[in-house]
Amino acid sequence: MSANLTNPNWRLTAQVVKLGRFFLSRLMPIEKSMNTESKEHAPWYKEPMVWLVAGLPLLAICWGFVMLTLALESKDSLVSDSYYKDGVSYTENVEADAHAARLQIKADLTFSENEIHLALNGYLDEEPATLQLQLIHPTLQERDLTVLLQRLGDGHYAGVNELVLPERRHIWLLSHEQQWRIRGTELIEADKVINLHAK
């Protein structure tokens, strides 16, 4: 047995055991502190991962409600409210366009800051006393304008201009007395002559 203790291998083994005990004694306080930290959990609302995982879906739901509210409360101005009325009047409008083509009606429109002047030509038995000029906005129905043009004589008409120039509009000129209509789409500018004719 004493021979074994003097063996260098045994000495090496004893030193390894001592070193192992030394390192274990040093590691024990670290493990104890780690165990105490793991037992003290932070509240759930202080964890950033909880907010990341739960916050994004909640944000999407809130944004969905905002979009739904906007969709229900705001009116889509591109869609006409009078579907039936528009459907019924479609045939009348086609007939009015065809009637204007038969009469070869043409009109020259001039806009100034305050007035609209119109010169009317065509095969008319009698000039209408009034003409209706519709200035239709391409997308916003609430910005449409209707102007009543009064006859001054010899094919000339005048009305009040409430349009801020320049402005692009669909222009419809109608005679309810004679059931015709001519139309076009133009950029309306001050003192620019706009030619309308039957199509």
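The values are calculated or read from the model by the stated rules, or taken from the named source; none is laboratory data. Keep in mind that this is a model prediction, so the values were computed, not measured. Backbone-built Cβ (ideal geometry, glycine too); neighbour counts: all protein chains shown.
May I ask you to say which residue of Ala54, Ala60 is within 21 Å of the chain's Cα centre (by Cα), assigned to a helix (DSSP H, G or I) and modelled with pLDDT of 55 or more?
Going through Ala54, Ala60 in turn, the sole match is Ala60.
Kindly establish whether Ala101 is closer than 23 Å to Ile194 by Cβ, at pLDDT 95 or above and of a type in the set (A, V, I, L, M, F, W, C).
no
Could you figure out which of (1) modelled with pLDDT of 90 or more; (2) in contact with an Asp or Glu (Cβ under 9 Å, 6 or more places away or on another chain) isn't true of Leu148?
Condition not satisfied by Leu148: (2).
Limited to region 190-199, what total is found for residues that are assigned to a loop (DSSP other than H, G, I, E, B) and within 22 Å of Glu113 (Cα to Cα)?
2
Pick from Leu163, Leu187, Leu173, Leu124: which is among the aliphatic types (A, V, I, L, M), assigned to a strand (DSSP E or B) and surrounded by fewer than 18 Cβ atoms within 10 Å (Cβ to Cβ)?
Leu187
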